[in-house]
Amino acid sequence: MLKEEKAKLKQRLTPEEYNVCVNKGTEMPFSGEYWDSHEQGIYHCVICGNPLFSSETKFDSGTGWPSFWEPIAKESVKEESDNSLFMKRTEVECAKCGSHLGHVFSDGPKPTGLRYCMNSVSLNRTEG
Ligand code: FE
């Protein structure tokens, strides 16, 4: 659950950010800013700035969404079971503010075998 009030976020966020971060939507694949990005940097929560992922763990998943095999710290994200859309999935949220980030799947590369499939609009990358 998001710590900031939805009404405040509606004013602050773009409609696309609101749909994904607050309403747990999914951006169109191959549409976001980061799916094909190879720049170095740290990916932060677009709402609260919590550091979530490093470019060091980003990989080309072929899905059209930015994908990582590990969060920057175990405590930086929160995982919740998601049984919507007739699928058993694990939702990933920002541990600090509760913003929806995406889902994690167990078909990722070594060393973790995990694939954190994120929405670009939930993230904001900064250098270093
Ligand atoms: Fe956050």
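The values are calculated or read from the model by the stated rules, or taken from the named source; none is laboratory data. Keep in mind it's a predicted model, so treat the numbers as computed, not measured. Every residue, glycine among them, receives a Cβ derived from its backbone with ideal geometry; neighbour counts consider all protein chains shown.
For region 67-110, name all the residues that are in a loop (DSSP other than H, G, I, E, B) and either away from the ligand (no atom under 16 Å from the Cβ) or more than 21 Å from ILE47 (Cβ to Cβ) (or both).
TRP69, GLU70, ASN83, MET87, LYS88, SER106, ASP107, GLY108, PRO109, LYS110
Restrict the check to region 18-30 and report whether at least one residue is touching a helix residue (DSSP H, G or I) at 6+ places or on another chain (Cβ under 8 Å), within 16 Å of the ligand (Cβ to nearest atom) and farther than 11 Å from HIS100 by Cβ.
Checked against the condition, which is being touching a helix residue (DSSP H, G or I) at 6+ places or on another chain (Cβ under 8 Å), within 16 Å of the ligand (Cβ to nearest atom) and farther than 11 Å from HIS100 by Cβ, region 18-30 yields no hits at all.
Could you count how many residues in region 49-61 are touching a strand residue (DSSP E or B) at 6+ places or on another chain (Cβ under 7 Å) and either within 22 Å of ALA95 (Cα to Cα) or crowded, with 21+ Cβ neighbours inside 10 Å (or both)?
7
Could you tell me whether VAL46 is surrounded by 12 or more Cβ atoms within 10 Å (Cβ to Cβ), of a type in the set (A, V, I, L, M) and over 22 Å from THR126 (Cα atoms)?
For VAL46, the condition - surrounded by 12 or more Cβ atoms within 10 Å (Cβ to Cβ), of a type in the set (A, V, I, L, M) and over 22 Å from THR126 (Cα atoms) - is not met.
Those residues that are part of a helix (DSSP H, G or I) and not β-branched (Val, Ile, Thr), I need them from region 45-59; list them, please.
The answer is SER55, GLU56.
What residue, among those in region 10-37 that are within 13 Å of the chain's Cα centre (by Cα) and among the hydrophobic types (A, V, I, L, M, F, W, C), is surrounded by the fewest Cβ atoms within 10 Å (Cβ to Cβ)?
Of everything passing the filter in region 10-37, VAL22 is surrounded by the fewest Cβ atoms within 10 Å (Cβ to Cβ).
Considering each of TYR18, TYR34 in turn, give the residue that is farther than 17 Å from GLU127 by Cα and at pLDDT 95 or above.
That would be TYR18, the only listed residue that is farther than 17 Å from GLU127 by Cα and at pLDDT 95 or above.
Would you please list the contacts, defined by Cβ atoms under 9 Å and residues six or more apart or on different chains, that run from a residue in region 97-114 that is touching a residue at least 24 places away in the same chain (Cβ under 8 Å) and surrounded by fewer than 20 Cβ atoms within 10 Å (Cβ to Cβ) to a residue that is among the small types (Gly, Ala, Ser) and assigned to a strand (DSSP E or B)?
The qualifying pairs do not exist here.
Looking at ILE42, ILE47 in this structure, which one is modelled with pLDDT of 95 or more, of a type outside the set (Ser, Thr, Tyr) and farther than 12 Å from SER99 by Cβ?
ILE42
Answer yes if at least one residue in region 119-127 is touching a Phe, Trp or Tyr at 6+ places or on another chain (Cβ under 8 Å) and in a loop (DSSP other than H, G, I, E, B), and no otherwise.
Yes, some residue in region 119-127 is touching a Phe, Trp or Tyr at 6+ places or on another chain (Cβ under 8 Å) and in a loop (DSSP other than H, G, I, E, B).
Looking at region 34-56, I want the residues that are at positive phi and have a partner that is among the hydroxyl-bearing types (Ser, Thr, Tyr) and within 16 Å of the ligand (Cβ to nearest atom) with Cβ atoms under 9 Å, at least 6 apart or on another chain. Which pairs are those?
Taking only residues 6 or more apart or on different chains, the pairs are GLY41/THR126.
Report, by residue number, each residue of region 1-33 that is in a helix (DSSP H, G or I) and touching a residue at least 40 places away in the same chain (Cβ under 8 Å).
GLU16, GLU17, VAL20, CYS21, VAL22
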